[in-house]
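Each remark here refers to the structure printed beneath this line.
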Amino acid sequence: MSAELDRTPRNLLLCEQSSLLDEKNRLSAQVQQLHFSYKVSVLLPECSSAPSHLDSLLSSFSSFYLIRNLPIYELLDKDFLQKAVYPGGVYGLSYRTRIDEDNCVALMPNGHLCLSLDKDSFELLGFEGKPCRFNHRSRSRFVVSIDLTDSSMAPGGRGYLRLLAGLRSRLHLHTDFLLSHHPGGRACLQPLLLRYDWSEHTPEVSRCHLTNLSCPVLQSCDPHSLLEWLGTVDADVSRENSSSSFLSSLVCPDPNTTLSSALRVSVCGLLLPPDIHRLIQELRHYLERPLLGSWVSLTVHGFVDSPVSWGDSEHGVLRGGENFYTLLMFHDHSYQLHLATGAHDTCPP
Amino acid sequence: MDAEALVRATIPHTLEKVLGVESQSHSKAAAFTEAFLKNSIQQTTRHDLKSMLTHKAVILGYTRPKKEKTKRNSKKAKGLNARQKRAMKIFQIKPEHQRYELFLPLQELWKQYIIDLCSGLKPTSSPQFVQQKLLKADLHGAILTVVRSKCPSYVGTTGILVQEFKHVFKIITKEDKLKVIPKRNSVFAVEIDGFVSHIYGSKFEQRASERSAKKFKVRGTIDL
């Protein structure tokens, strides 16, 4: 037992420091590649109430739709392909399916459909796929990755008919599905929404005002302790480390200063990269104003149960399944980007 | 034979004068030859040559008499070995015979055979009983479908079973294609009148003739 605890599963932290004024910065590409984000939390120091622009932006995040018990072969419907998939910008993810136990489906904006299936489902489906890269010795999980924009997957093509026959008659895959489309919205998703039970949701925004927050000096802080501190602020974990309480022994890293007030805003839901991009721009404008805080932190969490993390790379859950990035922006347009993944993940871009 | 006759023939009269010999009569010639031989051969008084030669057996060579094997073998029909079978191509179906319609009567026959074997496939008959019978039955002519397989491209192929070998099934599909499907790592479904039975191919790797004698173990669940 103790041997297992000694070897904690590895996690990967990639840190990058650059400036937004530098034209070679890859920030927009990196933000764009995390397709499915679950939560965004923003920490604004020395701020007592949210600025109005920020509020309006947060409430204008695109809404997403939850379709109950969608049979997955409907994603190959001709109308849906024409309206939503081929123009690009569709984001779809199966909801409440666990990546290590159930079958998960992800539909990405570049027209790739990714099915992460367990062994029995893959053997029933009968479409080419590869074993999962993690745990490949036991071969218990298979990934079927299909490019819907390819010529063989055009409606009536050989690959299309085989996949449709497989999903319709051999493997009956039904999941709850979260669906969203960036520029189009509801009109593009209409072919699917007409036939099934759906509900519309907007991302939930919650704000919290914190007082007397001890905050480390950011430039001199190492990434691990900084991320730990940000996590404690986000999760409301006390940092006193008093001798009488054994719940948490986390403290604010030294050297530290005290902020009289700070604002923590978090948004939950199926959040799309273009919206996050607009949020980053808005925060940048906010930082340009004088007299306000000299830094802003933004953390974007990806879905734990999504089959893909960055781009098309596979994602798995070992014990955590985290895939998130933290962006620290400073007054002088420079930023620090920390990308973190868990054990069953490849290196972020 | 000719040479001997030539030697024993009398010399023709014309040559007698030339050679300066005269042919003797038969009795005189025999007496002369014997006397000549007696003088030429060394006479050893110790050994009585004639008696020696008459009583001694001279061993010239040593061989055992061969046992009569051919009589037994000719009763059993000699089979062909694998090389001869492959060369004669007796198990190959010619392309003009590879048509789905030709095998439909076989499929009907097989249905009847199975229904007779299970003494009438009623909806009330127990699956256990039908399974036991099916395990020992011959499957030539059944409609097989690959339901699950480790190799995704085999899944979904359906057709009439034409030949069953030790490790493969040969199936003819509706498109008149003869498909060879290995038994290992696949699950086949056999359907008779609404009764579907799944066969785990990995456990079925015997020749059809040998399978009737094999006992199958009862296993809980089988993973491919």
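Every number here is computed from the coordinates shown, using simple stated rules; none is lab data. Note that the structure is predicted; figures quoted are calculated from it, not measured. Neighbour counts are summed over all protein chains in view; Cβ atoms, including those assigned to glycine, are modelled from backbone coordinates with ideal geometry.
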Roughly how many Å is it from the Cα centre of the range A:170-227 to that of the range A:1-76, as a whole number? 8 Å
B:Asp176 neighbourhood, Cβ < 14 Å, K/R = +1, D/E = -1, net charge +3
The answer for chain B, counting only DSSP H helices whose Cα atoms cover 20 angstrom or more along the axis and whose Kyte-Doolittle average is -0.5 or greater, is B:26-40, B:100-117
Looking only at the range A:158-186, which residues have a backbone nitrogen under 17 Å from a spot 7 Å from the Cα of A:Arg68 in the C-beta direction? A:174-179
Toy charge model, Lys and Arg Cβ at +1, Asp and Glu Cβ at -1: chain A dipole around Cα centroid in debye, rounded to 20, equals 840 debye
Hey, in the GNM for chain A with a 10 angstrom Cα cutoff, which one of A:Asp147, A:Asp22, A:Asp275 fluctuates hardest? A:Asp22
Could you compute the longest span of chain B free of chymotrypsin sites (Phe, Trp or Tyr not before Pro) located in DSSP loops and having at most 15 other Cβ atoms within 10 Å, not counting the site residues? B:92-164
Taking every other residue with Cβ under 14 Å from the Cβ of A:His35 and scoring Lys and Arg +1, Asp and Glu -1, one gets -4
Set B:Lys89/B:Lys133; B:Lys133/B:Lys174; B:Lys136/B:Lys166; B:Lys111/B:Lys179; B:Lys136/B:Lys170 screened for pairs whose C-alpha atoms are more than 26 Å apart: B:Lys89/B:Lys133; B:Lys133/B:Lys174
Rounded if a/c is under 1.5, else prolate if a/b is larger than b/c, else oblate: which is the protein assembly as shown, with a ≥ b ≥ c the root eigenvalues of its Cα gyration tensor? prolate
Which one, A:Cys215, A:Ser260, A:Trp295, is farthest towards the positive end of the dipole of the range A:200-349 when Lys and Arg carry +1 and Asp and Glu -1 on their Cβ? A:Ser260
For chain A, take the longest principal axis of its alpha carbons; what is the angle in degrees between that and the long axis of helix A:223-235, to the nearest 10 within 0 to 90? 80 degrees
In peptide A:115-123, what is the residue-averaged number of other protein chain Cβ atoms found within 10 Å of each Cβ? 3
Estimate the FRET efficiency between A:Leu194 and A:His172 by the formula 1/(1 + (r/R0)^6), using the beta-carbon distance for r and 22 Å for R0, to the nearest 0.05. 0.55
Excluding residues fewer than 8 positions from B:Lys177 in its own chain, the aspartates and glutamates with Cα under 15 Å of it are B:Glu96, B:Glu101
Between B:Asn185 and A:Arg158, what is the FRET efficiency for a Förster distance of 22 Å, r being their Cβ-Cβ separation, to the nearest 0.05? 0.35
Rounded to the nearest 500, the 222 nm mean residue ellipticity computed for chain A from DSSP H runs (n ≥ 4, each -39500 (n - 2.57)) alone is -5500 deg cm²/dmol
Other residues with Cβ under 12 Å from the Cβ of A:Ile99 give, with Lys and Arg +1 and Asp and Glu -1, a net charge of -4
How many nm separate the modelled label positions at A:Thr149 and B:Val21, each set 7 Å beyond the Cα in the direction of the Cβ? 11.8 nm
Where does each of A:240-250, A:72-82 land if you order them by average Cβ count within 10 Å, highest first? A:72-82, A:240-250
Which lysines does B:Lys28 reach when only Cα atoms under 18 Å apart count, and residues fewer than 8 places away in its own chain are ignored? B:Lys38
